[in-house]
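The values are calculated or read from the model by the stated rules, or taken from the named source; none is laboratory data. Because the structure is a prediction, the values reported are computed rather than measured. Cβ coordinates were reconstructed from backbone atoms using ideal geometry, including for glycine residues, and neighbour counts include every protein chain displayed.
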Amino acid sequence: MATLTIEIQQQPLGATREGDSTMAAAYVARVTRIAEGGSSPPRGSDHREFVVGLGRKTATEVEAGLWSVELALPSGELLNEQVRIADEDEIPVSFRLGDAPHERLAWQVAEGSLPERDVYEARRVPIATAGVPSRAGSRAVPARTTERMRKALPSPIIVTESYARGSVYDAIRTRTQVTVFRRVSKPDLEGASAAERFERSMETWRELVAGLRLETPIPELAGLEIDEGAAFDPRPADDRHDVWRLGEVSDGERRFAVVVTNRSVELVSLPLPWVPRGGLVDGALLELVIDKDEVAERSRSSLTLRDPDFFGVLSYLKSGSLALAGKVAGIGGEGGNMLVGVLAAKRRNPLAAAAAAYALLGSVDLAVPHPWHPWLENLSRWYPWLPDGAVLHGRWLMFSGSDIDGRARAAFLRAFRRGLPFYSLGLAWLLEGLRQFDDDECAEAARVVRQVSLRYDVGQVFTVLRLHAPPDPTET
C-alpha cells in the first residue's frame with residue numbers, strides 16, 4: 001500500500017475569539033484509480049471520497065498505480081491532479097487556492113461567491129456609472145425613489161468612491177445604507193378559525209409583495225420596525241465591494257437588513273439567532289458584501305455566516321450542491337454524520353438544524369427510513385417562528401411516501417402562515433410543495449409566494465429579495 005496526502009492552501013481567514021486560527025472551510029475530495037493498458041482497476045479500490053479541511057493535511061491509503069485526485073469547490077470548479085505512486089511511497093498532493101482580491105473578501109472566496117484574485121482581475125470590467133444606461137433586464141430603482149427612502153431611515157449613509165476603469169468618469173460616489181429591522185410580534189391568533197389564520201397570513205404576504213414593489217414604505221413592510229440596537233459596521237474592501245459586519249444578537253426576534261444603494265433596494269433575511277459552537281471569528285458573525293456595480297443583474301447583497309464549524313456545509317448549500325453539502329459533513333463517511341448531530345441538537349441552534357436538514361433531504365434516498373425523520377416534525381412543531389421547519393417536514397412527507405391524511409398539505413400551509421423562509425431553498429420548496437395541491441387555499445397561497453419568489457436570488461443560501469419599482473416618469 002501507499003499513501004496520498006492531500007492539502008489545501010489559502011490565505012488565513014482570521015482567528016476565533018479565543019485566538020485560535022481556524023480553517024473555516026472544508027471541501028470534498030475524490031480519488032479515482034485510473035486503468036492502464038486496457039485493464040480495469042481492482043473492484044472496490046477504484047473510487048473514494050473524503051473531506052479535506054482548508055489548511056489541513058488529509059492522508060489516505062491507496063494501492064500502487066495511477067490515480068486522479070479531484071477537489072470539488074463550492075463555486076462549481078473542479079481541480080484535478082494525476083499522480084503515479086509505487087508501493088510504500090508517500091506522495092503529497094497540494095492544491096493552492098488563489099488569494100482573495102482583498103483580505104476582507106477572503107471568506108467570500110473560500111465559499112465560492114467571489115472568484116480568487118487572478119480570476120477576479122481577469123474578469124473585471126468597468127463598473128457602471130450613473131450616466132451609463134442599464135442593460136436590458138436590469139431592474140434599477142429610480143434614484144428619486146432611493147433618495148426618498150434614505151430620508152425615511154435613521155441609519156447613516158456611507159459614501160465610497162469606486163473607480164471605473166476605461167470610463168469617462170474619474171470616480172463614482174456610491175451611497176450605501178444598511179438598516180436592520182426586527183419583526184413586530186404578530187397578533188395572538190389562538191382560538192381563531194383556520195380561515196381567519198389563513199387570511200391573516202395572506203395579509204402578511206401581500207404586505208411583502210407590496211413592499212417588493214415599493215408600494216409600501218420600508219418601515220411598514222410586513223410588520224417590521226427599525227432595530228436601533230443592531231447595526232452593521234461598514235468596512236470598504238476594494239473599488240467594487242464594501243463589507244458590512246454584524247456581531248452576535250442574543251434575543252430570539254427575527255431580523256432583516258434593508259440595503260439601499262444608488263439604484264437598488266434589497267431585503268436580506270438575517271440568520272438570527274445563530275449560536276456558533278466555537279465562538280466568533282474576528283468578532284463578527286455575519287458579513288454582508290455589497291456589490292456596487294450599478295447594472296448587476298443579480299442581487300447586490302451577499303450574506304456570509306462566519307461559523308467555522310458549519311462553513312463548508314453553508315458554502316455548498318449556497319451553490320445549490322446539496323449532495324456535496326452532505327458529503328462535506330460526513331454522510332456515508334467513516335467519520336460519521338455531523339448533520340445528524342446538528343439536527344439532533346436543534347435546541348441549541350434551530351437555524352443550523354434547518355440547514356442540516358436541507359442538506360440531509362438533498363443527500364439521501366427519502367424512500368429509505370432514517371432515524372432522524374421524526375426530528376423534522378419536532379423541528380416544525382417546537383419552533384413556530386421558523387418557517388423552514390414546516391417546509392422541511394412537508395418536503396419529507398411528500399417525497400418519502402409518508403403523507404397520510406393530508407399531513408404534507410398541512411405542513412406547507414403551516415410554513416406559509418409563518419412567513420418568509422430564512423433559507424432561499426425553503427422559498428423554492430414552499431412554492432413547489434403548495435403547487436402539489438389543487439384546492440383553492442393552496443392555489444391562492446402558491447400565487448402570492450410565486451410573486452415573492454420572482455424577486456429572490458437563487459445564488460444565496462439565505463433569502464435575499466430585490467425590490468423593484470416602475471420607472472419614475474419625473475426622472476430625466
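A few remarks follow.
- Test: residue in segment 369-388 that is in a helix (DSSP H, G or I), on the phi < 0 side of the Ramachandran plot, under 17 Å from the mean Cα position of the chain (by Cα) and not assigned by TED's automatic domain parsing to the domain that holds R183: yes
- Selected residue (criterion: modelled with the lowest pLDDT) from residues of segment 243-263 that are assigned to a strand (DSSP E or B) and within 17 Å of L212 (Cβ to Cβ): V260
Quick grid of which residues meet (1) under 23 Å from T304 (Cβ atoms); (2) touching a residue at least 40 places away in the same chain (Cβ under 8 Å); (3) in a helix (DSSP H, G or I):
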{"residue": "R409", "(1), (2), (3)": "no, no, yes"}
{"residue": "W429", "(1), (2), (3)": "yes, no, yes"}
{"residue": "C442", "(1), (2), (3)": "no, no, yes"}
{"residue": "A445", "(1), (2), (3)": "no, yes, yes"}
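- Yes/no for D403 being at pLDDT 95 or above and assigned by TED's automatic domain parsing to the domain that holds R418: no
- Count of residues meeting criterion [outside any loop (DSSP other than H, G, I, E, B) and surrounded by 18 or more Cβ atoms within 10 Å (Cβ to Cβ)] in segment 389-406: 10
- Summed over segment 386-413, the residues that are touching a helix residue (DSSP H, G or I) at 6+ places or on another chain (Cβ under 7 Å) and over 22 Å from H370 (Cβ atoms) give a count of 3.
- Residues in segment 88-118 that are closer than 16 Å to L54 by Cα, more than 21 Å from the chain's Cα centre (by Cα) and aliphatic (A, V, I, L, M): V93, L97.
- Search result, residues across segment 286-309 that are part of a loop (DSSP other than H, G, I, E, B) and modelled with pLDDT under 85: K292, D293, E294, V295, A296, E297, R298, S299, R300, P308, D309
- G283 farther than 24 Å from L105 by Cα and modelled with pLDDT under 80: no
- Test for L73: is it in contact with a helix residue (DSSP H, G or I) (Cβ under 7 Å, 6 or more places away or on another chain), closer than 22 Å to F311 by Cα and at pLDDT 75 or above: no
- Restricted to segment 1-38, and to residues there that are at pLDDT 55 or above and of a type in the set (S, T, Y), the residue that is farthest from E90 (Cα to Cα) is Y27.
- Among the conditions (1) surrounded by fewer than 24 Cβ atoms within 10 Å (Cβ to Cβ); (2) over 22 Å from W274 (Cα atoms), Y383 misses just one, which is (2).
- Scan segment 355-368 for residues that are small (G, A, S) and more than 21 Å from the chain's Cα centre (by Cα) and the total you get is 1.
- Test for G98: is it closer than 22 Å to R306 by Cα, surrounded by fewer than 19 Cβ atoms within 10 Å (Cβ to Cβ), in contact with an Asp or Glu (Cβ under 9 Å, 6 or more places away or on another chain) and modelled with pLDDT under 80: yes
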